[in-house]
Amino acid sequence: MKLNYIVTSGVLALALAAANCSSQVEAAEGDEFFRDIRRNHWVWNGNDPLTTNQILSKVSKTNNGSTLPDLKGANGATVWVTEFTKVGDEFRALAVEQEKLGLLGAAAELYFRASANYTLAKYPLIDPTDAEKAAFEASLETLHKGYELLGYKVERVEVPFLGGQADGHV
């Protein structure tokens, strides 16, 4: 059986960008951050390790006035949230482009990648800022959109958990 693949300019550009940063990105060390750096878990969730390392390197080199680069700086900005959200937005824009071209499988994959980056942007969701709340909502929206394009119906549910609410998907 012969499989035909259609690669659009956006997907090709994304692949080339990831390839160009592969060995040149220095991985940031976990003790440089407030957050636990869980690269293997993030890859399992759909994050590209090269892109993640590139973002971590950028975050670790940013001086935002806080003791650790992924904490809120003196100006209230969180570089971690900003950088992972930017990548999520780029993947979402590519997904929309693929969807408009009728390439639903490619669009779904890109929506999943957007969701994975939005998930990291809001990680961990403890006393979230407005930007983290927006990233959390974007992660759910893009995750659901990806599944819908593949023909699955996904619903968000909230269940009582430890005196609060926990989100779930069925």
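Note on the stretch 94-170: Rg/Rh from Cα positions, Kirkwood definition for Rh, rounded to two decimals, is 1.04.
For the stretch 131-170, what ratio Rg/Rh do Cα atoms give with a Kirkwood hydrodynamic radius?
Computed over Cα atoms, the ratio is 1.05.
On a per residue basis, the stretch 82-170 carries 56 Å² of accessible surface, using protein heavy atoms and a 1.4 Å probe. Converting phi to 3J(HN,Hα) with the Karplus coefficients 6.51, -1.76 and 1.60 and the offset θ = phi - 60°, the stretch 111-123 yields 5, 5, 5, 4, 4, 4, 6, 5, 4, 5, 4, 8, 6 Hz in sequence order, with x at every glycine or proline. Here is the list for the stretch 70-170: chymotrypsin sites (Phe, Trp or Tyr not before Pro) lying in DSSP coil, each with at most 11 other C-beta atoms within 10 angstrom of its C-beta, are Y152.
The values are calculated or read from the model by the stated rules, or taken from the named source; none is laboratory data. This one's a predicted model, so the numbers in the text were calculated from it and none came from an experiment. Reconstructed Cβ throughout: ideal geometry from the backbone, glycine too, with neighbour counts over all protein chains shown. Calculation scope for accessible area: heavy atoms of the full protein, side chains included, ligands and nucleic acids excluded. Shrake-Rupley method; radii C 1.70, N 1.55, O 1.52, S 1.80 Å.
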